[in-house]
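Quick notes on the structure that follows.
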Amino acid sequence: MSAKKLGLTGKILIGMVAGAILGVILNPLNVDGSTVQFVFVDGIFRVLGEFFITSLMMLVVPLVFFSLVVGTCSLSDPASLGRLGGKAVGLYLMTTAIAITLALAVANIVKPGRSGALERPNVGEFDAGEAPSFLDVLIDMVPRNPIDAMAEGNMLQIIVFALLFGIAMALAGKPGERLKVVFEDVNEIIMKLVMLLMHVAPYGVFALMARVFADLGWGEVLQGLLLYFGTVFLLLVFHGWVMYPLILTALTRLNPRMFLKKMAGNQVFAFSISSSNATIPVTLRTVKQRLGVDNSVASFTVPLGATINMDGTAIMQGVATVFIAQIYGIELTMAQYLMVIGTATLASIGTAGVPGVGLIMLAMVLQQVGLPVEGIALILGVDRLLDMTRTAVNITGDAMVTTVVAKSEGKLDEAIYNDPEAGLANRSRSDT
Ligand code: ASP
């Protein structure tokens, strides 16, 4: 197969697998002070990987801001904004609640913590932090200083500012129209930059995977954590590749296979960089150019989803809570289960989609239901791989909800959705 025919997704997949294999091979040689560690793992792989992630991160704030302003400004009536937001938030919360309920139920059947192969850790190794209250999150959504919000990458604040700016722009008459043309151009240019970056993605993904696998030891997975790991992993796969297509079909009658096929490249991205936030540029590109969602919906629901929708993370929290409770021999009551569902769903609202944030949210959940937070130490060793997988699930949920909302609002171009070739990287017209 020629390199051109292989397509970008194929090349990224090859980069991922090759990186993982090389990492596993290097793993035994990757000891402290070794040349392998110095030159490859902490040298070449680190530099290439970091370059790649940082350049994606670089695009997130400008892309979210400009595309959301343009998107809001093009919505004809402000009422549609409220409706759109209501649908998106409702669906995001509903899918998260389904995910965690499923996780709690399955974990109770599988009983991953009953194998007795693990010692309870008695030293606190994990700092829980304070769970922000729902009201605090709500108040904090309005930025005191939008430049600060952008500098810090506070997604909810950026979204609020961009929405208000977009509405004002639509109401401002001539000045608004003039600025809209400029913003649309900036938006196109940033999307072009995303495209350019995608061409180096196979190398970036390769380096990231090689580093992760060179660092990961398999030993820990086998020491009694296998059941925990397997339960979370299979539930993630089920939620991402069975549950979402079912919800999509039930709510829209669209072809779910087409959805999964077009999401594949996007999932590999999310998997290798473990961050829904850093994946926003790629997710936006996929839903707009590959799935046919109009910018007025995608620019709002995708960044919102990256911040408030973390079904994969919720699944991990559900299983981990039951796992830790079982290790410590604590029986959870029905009220505690409900509290886990509530806290995990709400905790996802205020936390950004970045690597490892799921563990911090888990600490909040454990604290809330009175379970020992230091139990997290038990699962730290296998969390990296699960973090990668749940990030792929998280962004799939964002794209699924975006597609459902777009379809219900008449903002989905089904000709694009059903065209397997739409928006492919080597089709120059749709690249812009
Ligand atoms: N890394 C995940 C994400 O960005 C969050 C987590 O589960 O840690 O979506």
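The values are calculated or read from the model by the stated rules, or taken from the named source; none is laboratory data. The shown structure was predicted, so the numbers you read here are calculated from the model rather than taken from an experiment. Every residue, glycine as well, gets a Cβ built from its backbone with ideal geometry; the counts of neighbours run over all protein chains shown.
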Discussion item. Going by what's in this entry, would Phe271 be described as surrounded by fewer than 24 Cβ atoms within 10 Å (Cβ to Cβ), under 14 Å from the mean Cα position of the chain (by Cα) and not in a loop (DSSP other than H, G, I, E, B)?
Written reply: yes
Worksheet item: Is it fair to say Thr101 is surrounded by 14 or more Cβ atoms within 10 Å (Cβ to Cβ) and among the polar types (S, T, N, Q)?
Response: yes
Item to complete: Return the pairs, sorted by first residue and then second, in which the second residue is modelled with pLDDT of 85 or more and among the charged types (D, E, K, R), the first residue lies in the stretch 316-344 and is under 18 Å from His239 (Cβ atoms), the beta carbons are less than 6 Å apart, and the residues are 6+ apart or on different chains.
Response: Met316/Arg390
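In this structure, is Gly410 more than 25 Å from Val60 (Cβ to Cβ), not in a helix (DSSP H, G or I) and not polar (S, T, N, Q)?
yes
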Worksheet item: Under 7 Å by Cβ, and 6 or more places apart or on different chains, what pairs join a residue from the stretch 249-275 that is farther than 19 Å from Ile14 by Cβ and within 16 Å of the ligand (Cβ to nearest atom) with one that is among the hydrophobic types (A, V, I, L, M, F, W, C) and assigned to a helix (DSSP H, G or I)?
Response: Ser274/Met388
Item to complete: Output the residues belonging to the stretch 322-363 that are away from the ligand (no atom under 12 Å from the Cβ), within 19 Å of the chain's Cα centre (by Cα) and outside any helix (DSSP H, G or I).
Response: none
Item to complete: Go through the stretch 164-212 and count every residue that is modelled with pLDDT under 85 and outside any helix (DSSP H, G or I).
Response: 0
Practice prompt. Answer yes or no as to whether Asp42 is assigned to a helix (DSSP H, G or I), of a type in the set (Asp, Glu) and surrounded by fewer than 20 Cβ atoms within 10 Å (Cβ to Cβ).
Written response: yes
Worksheet entry | Matching option when the condition is in contact (Cβ under 8 Å) with a residue 60 or more places away in the chain and of a type in the set (Ser, Thr, Tyr), among Ser80, Ser34 | Ser80
Worksheet item: What number of residues within the stretch 364-403 satisfy the criterion of being more than 19 Å from the chain's Cα centre (by Cα), crowded, with 20+ Cβ neighbours inside 10 Å and among the small types (Gly, Ala, Ser)?
Response: 1
Discussion item. Residues that are closer than 30 Å to Phe40 by Cα and at pLDDT below 90: does the stretch 147-163 have at least one?
Written reply: no
Fill in: Residue under evaluation Thr402, criteria (1) within 27 Å of Pro281 (Cβ to Cβ); (2) modelled with pLDDT under 85, criterion not met
(2)
Practice prompt. Please state which one of Val302, Val319, Val297 is away from the ligand (no atom under 16 Å from the Cβ), crowded, with 24+ Cβ neighbours inside 10 Å and assigned to a helix (DSSP H, G or I).
Written response: Val297
